[in-house]
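The values are calculated or read from the model by the stated rules, or taken from the named source; none is laboratory data. Since this is a predicted model, take the numbers as computed values, not measurements. Here the Cβ positions follow ideal geometry from the backbone for every residue, glycine too, while neighbour counts run over all protein chains shown. Accessible surface areas use protein heavy atoms only, side chains included; no ligands, DNA or RNA. Shrake-Rupley method; radii C 1.70, N 1.55, O 1.52, S 1.80 Å.
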Amino acid sequence: MKNFEKAELVELDAPKIERFIERFYEEVAKRNPDFAGLKADRIAKLKLAVQREELHELAANPFMLTVMAWLHRFEELPRKRASILNRLVEMLLFKWEEVKQRDDPAPEVPKLSELLKQHDLEVTSLRRVLCRLAYQARQAVPPPSGEQRTQPAVRISKTNLLSAVAELPDADKHAKDSREQWALQVIQVIDRRTGVLVPEGGDSFTMPYKLQEFLAGEHLTNRDELETVGKELGLILDKYNFDRVVAQLVGENGYWEEVVKWAAAIQAHLKGNPSEARNLALELCVADPASNTAQVRRAVVAGEILWEVGLQEVKNTHRTHGPDCLKKVRETLDNLTTQKSLAPKQRAAAAATRGWLEDLPCGVGLKDRLPDLDWIEIPAGNFQMGGTESWQGGREFKCSLIKQSYKISRYPVTVAQYQAFVEDKGYAEKRFWTQAGWEWRTSQNVMGPEDYDLVFQTPNHPRVGVSWFEAVAFCRWLTERLRNLPESSSRREEALTEKADSGKAEKQKQIGASLPRLLPDEEICLPSEAEWERAARGENGRPYSWGDATNFAERCNCARTEINHTSAVGLFPSGDTTPLEPPNKTGVADMTGNVWEWCRTLYMPNYNNYEKKVSDEPEGEDTRVLRGGSWVDDNPRDLLASFRNDVRPDGRGTDVGFRVVCACVSAR
């Protein structure tokens, strides 16, 4: 179109996605009165559908969200993204032709389906051509530089399209001129009435990059094309099977990664071959990579393939091969997470992918559908607290507030653990909330934590987007659930070994790596400011949780790591609290960086007369203490274990989470 200015569509965030869905169906209802009765149902269901992990990324793309909304008008949206893209291609080839024919009713231009029938061709024939051209177009474009993995669109020349389409009719029955004339008609229909290819002017079309990636991936699932691809990649004849060929495309840069993942998804969800996707994931983990970077990229893609196929589906592909593949991919990712030669950003990528593959380690996931917390015991006694700077409280003193030992969770509460509270209807139970918290929740219609980008919802990452009110409600919920565990619970078995009159110290021993049933005088709560600082700084007041070294990027997730978001808990073991205090075999993790952590204590601007004035009163709306620094912070001051921060109890953010303590109520 002449003098038509192009613009790049930016990705949509969650509020914009919801507004788009509402306005889209409002417009559909205006144009189609029969849809009015379905509007509310379609809006609610699509809003819920786009929250699914497999659709979340697609929904952020305006073009893809339009397609999803269009498909969802009169039918349920397919669960898998490969099925959505497949329906999209079908719709763009034929459904949009019907719509556009109303605006372009030229009788001399037949329908695409009619043209194909002239030569007894199925739509699959034309689709194979489009898949091949999409793959070849991607081959022809050099990989983007830096971290960019995709480009807005790829160009396909009309000459190449004409040549490929003209080969479809039987050459023995139709002369070359006749076939080319027919191919020109096909291209004319594609030009005027379909949406798969967009005329660019001159001698080329463009293809939206999501479609291009999908169709290029589909090309790789065509067995007849694998030999050509294998030869181009330098493989020998007996290696032209799907997993060997496609795995070769994943290497130093991420240029082919989305195409590879689409190929696996198509095998699993469109062609009914989940074992092919499973074998590809395994090949990505067993073949020798060219470098550390390639090794990480291949393992991450392998994990993403298994997650998209579905972990149970992977297991069901074969009674031994399925579980063995899942085990191998998990082990590969776990090994990369602890590999010191890798940059923090690479380890974080491996750990994040691992987080989606379930079977999380102690302290990170769930057991019996409850948070499986790992506890570190902190002894009672005086300790060095504060510092002379105003942001340290303006006073350094020996704090005597820790009268009895307590246990603090080794890690911040993770996404997986907090989700148990959400799914147990914790947001609907008033008894778990403070009065101010319940009023905030109901007035703001809060029914769950704030969700940001998908990476912040990774199961082994700290749960962020939770206010102080929500963190307290989680603690009260967990206290009740652990006090009311059934007698037959394995958690209770350890507790039964203790004598009822054994005293507080013996009772505390019941709390191990997996919580037993809580006793009536025990509770789960947020740490007080004093409890948090004692756990982070030890008895003698070390500057950072690990000591005084300042190699921050090696010890915590802060801005210097360039991870740029939360990371899996425990990713920086060199940042754990040290020296160890008996009887603990490990230190407390992530006390510095990753997320700021809520404390139950009301904020005091300084430590003057602190031990007498400090309050942990749960009611009210006054600001609460935050400690620890986060992935956002770069200033060494903010990462000091003595640095104090405060936020209103309704505050939320991508860098705010919490951990919990377990202690006797009488010690409060």
Where a residue in the stretch 647-668 is among the polar types (S, T, N, Q) and its partner, wherever it lies, is open to solvent by 40 Å² or more (accessible area, probe 1.4 Å) and in a loop (DSSP other than H, G, I, E, B), with Cβ under 7 Å and at least six apart: T654/Y452
Could you run through the stretch 351-401 and say how many residues are of a type in the set (D, E), in a strand (DSSP E or B) and open to solvent by 60 Å² or more (accessible area, probe 1.4 Å)? 1
Of all the helices (runs of 4 or more DSSP H) wholly in the stretch 542-639, which have at least 3 residues that are more than 30 Å from T353 (Cα to Cα) and open to solvent by 10 Å² or more (accessible area, probe 1.4 Å)? 610-613
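Okay, residues lined up against (1) at pLDDT 95 or above; (2) in a helix (DSSP H, G or I):
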{"site": "Q267", "(1), (2)": "yes, yes"}
{"site": "R278", "(1), (2)": "yes, yes"}
{"site": "L282", "(1), (2)": "yes, yes"}
{"site": "P289", "(1), (2)": "no, no"}
{"site": "A294", "(1), (2)": "no, yes"}
{"site": "A302", "(1), (2)": "yes, yes"}
{"site": "L306", "(1), (2)": "yes, yes"}
Restrict the check to the stretch 307-322 and report whether at least one residue is surrounded by 16 or more Cβ atoms within 10 Å (Cβ to Cβ), out of contact with any strand residue (DSSP E or B) (no Cβ under 9 Å at 6 or more places or on another chain), within 24 Å of Y135 (Cβ to Cβ) and in contact (Cβ under 8 Å) with a residue 24 or more places away in the chain. yes
Does T332 satisfy the criteria of being of a type outside the set (A, V, I, L, M), in contact with a Ser or Thr (Cβ under 7 Å, 6 or more places away or on another chain) and either open to solvent by less than 70 Å² (accessible area, probe 1.4 Å) or modelled with pLDDT of 95 or more (or both)? no
Could you tell me whether any residue of the stretch 428-436 is in a helix (DSSP H, G or I) and either touching a Cys at 6+ places or on another chain (Cβ under 9 Å) or at pLDDT below 95 (or both)? yes
In the stretch 19-48, what count of residues is obtained for those that are more than 13 Å from R73 (Cβ to Cβ) and touching a residue at least 24 places away in the same chain (Cβ under 8 Å)? 2
Qualifying position, being at pLDDT below 85 and of a type in the set (G, A, S), among A82, A60, A69: A60
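I'd like to verify a number: residues in the stretch 214-242 that are in a helix (DSSP H, G or I) and open to solvent by 20 Å² or more (accessible area, probe 1.4 Å), how many?
Residues flagged as in a helix (DSSP H, G or I) and open to solvent by 20 Å² or more (accessible area, probe 1.4 Å) within the stretch 214-242 amount to 11.
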Is at least one residue of the stretch 402-421 open to solvent by 40 Å² or more (accessible area, probe 1.4 Å), within 27 Å of K612 (Cα to Cα), part of a strand (DSSP E or B) and among the basic types (K, R)? no
Taking the stretch 24-48, which residues are under 26 Å from the mean Cα position of the chain (by Cα) and buried (at least 18 other Cβ atoms within 10 Å of the Cβ)? R42, I43, L46
Out of A495, A473, A505, I need the residue that is modelled with pLDDT under 85, open to solvent by less than 10 Å² (accessible area, probe 1.4 Å) and either hydrophobic (A, V, I, L, M, F, W, C) or part of a helix (DSSP H, G or I) (or both). Which one? A495
Hits in the stretch 640-652 - residues which are open to solvent by 10 Å² or more (accessible area, probe 1.4 Å), of a type outside the set (K, R) and under 20 Å from V472 (Cβ atoms): N645, D646, V647, D650, G651
Considering only residues that are touching a Lys or Arg at 6+ places or on another chain (Cβ under 9 Å), modelled with pLDDT of 85 or more and open to solvent by 40 Å² or more (accessible area, probe 1.4 Å), which ones fall in the stretch 139-167? A140, E167
Qualifying residue in the stretch 66-78 (condition: more than 21 Å from K271 (Cα to Cα), among the acidic types (D, E) and either surrounded by fewer than 19 Cβ atoms within 10 Å (Cβ to Cβ) or within 21 Å of the chain's Cα centre (by Cα) (or both)): yes
Only one of V665, V656, V632, V661 is modelled with pLDDT of 95 or more and farther than 25 Å from Q346 by Cα, namely V661
Against the definition (part of a helix (DSSP H, G or I), modelled with pLDDT under 95 and open to solvent by 40 Å² or more (accessible area, probe 1.4 Å)), how does E439 come out, yes or no? no
